[in-house]
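**Q** Please find one structure pasted underneath; my questions will follow.
Where a number appears in this text, it was derived from the coordinates with a stated rule and is not lab data. Everything numeric here is computed off the predicted structure, so don't read it as measured data. Please note: Cβ atoms are built from the backbone with ideal geometry, for glycine as well, and neighbour counts cover all protein chains shown.
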Amino acid sequence: MATMTQAIYGVRGLSCWRCMISAVDAVRALPGVHTVGMDLEPHGESLLTLAPAGAVTSSQVRATLDRSGFELTRRRRRPRPGSRHRLALTTVPVDDGREILTEA
């Protein structure tokens, strides 16, 4: 089984879990994105991880987050030490062509 590559971004403007869910849902809705995770850092730089890395461009992620009221700060090479996703969602295709959402 192939390993899915990830893209990691810094995001500002999130202050609570509702903000985090809003940001994750917005990015997850982008075509081609299968997994979205977020490490919430209230009033600081939260980490957004999505996979596969090449599914969308940084510009698409930035525009999506801007519309949701959040700011994409930069793409990161790796997560901060001690970071862990507090919310991770994966879209899984099922046999009849639909997709279901599962917690990753």
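**Q** Taking region 46-76 as the search range and keeping residues that are part of a helix (DSSP H, G or I) and hydrophobic (A, V, I, L, M, F, W, C), which one is farthest from Ile8 (Cα to Cα)?
**A** Ala63
**Q** OK, next. Can you give me the number of residues within region 1-23 that are surrounded by fewer than 21 Cβ atoms within 10 Å (Cβ to Cβ), of a type outside the set (Phe, Trp, Tyr) and over 12 Å from Leu72 (Cβ atoms)?
**A** Total satisfying the criteria: 12.
**Q** When residues of region 1-45 are filtered for being part of a helix (DSSP H, G or I) and of a type in the set (Lys, Arg), how many remain?
**A** Residues flagged as part of a helix (DSSP H, G or I) and of a type in the set (Lys, Arg) within region 1-45 amount to 2.
**Q** Further question on the same structure: Could you check how many residues of region 24-54 are more than 9 Å from the chain's Cα centre (by Cα), buried (at least 18 other Cβ atoms within 10 Å of the Cβ) and in contact (Cβ under 8 Å) with a residue 40 or more places away in the chain?
**A** Number satisfying all stated conditions: 2.
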